Amino acid sequence: MKTYHIMTILVSNRKANANEVQNVLTSHGCIIHIRLGLHEIANVCSEDGLIILQLGGSVEEITALKKTLNGLKGVKAELVSLESE
C-alpha cells in the first residue's frame, strides 16, 4: 500500500504573511512533491490565498511542517492522508 499526503494551507492577509510561509515551505522543500497556489483575482489580488501540497517524507516531517505552519499568524494548515489498496 502507498499513502498519499495532501496538505491545504489557507493564508490570510497574504501580503503580510506570504514571506514567512515561503520561508517555512523552503525549509521543508525536500518533502514537497507538488505545490499549487490559488487566489482570487478581479481588479485586485485577494488577501486570502490557498496552497495545496502533495507531500512525501516521513510522518514526523509532515507533522513538523503542519505544526510550524499552524504556528504562524493568519495561517491554517490541514492534512489529508489517503492509502491505496
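All of the numbers you see were taken from the coordinates with simple rules; none came from a lab. Just so it is clear, the structure is predicted and the values come from calculations on it, not from any experiment. No Cβ is skipped: glycine too gets one built from the backbone with ideal geometry, and neighbour counts run over all protein chains shown.
Just a few scattered comments:
- Shown here is the pair-distance distribution of the chain: with all Cα-Cα distances grouped in 10 Å bins from zero up to the longest one, the shares run 17, 51, 24, 7, 1 percent.
- Tilt relative to the chain, helix 14-27 - C-alpha long axis, 0 to 90 degrees, to 10: 30 degrees
- Residues in region 19-58 that a label on ILE6 would reach, taking backbone N under 20 Å of a point 7 Å out along Cα→Cβ: 31-40, 49-58
- Over the chain, Cα pairs under 8 Å with separation of 6+ residues give a relative contact order of 49 percent.
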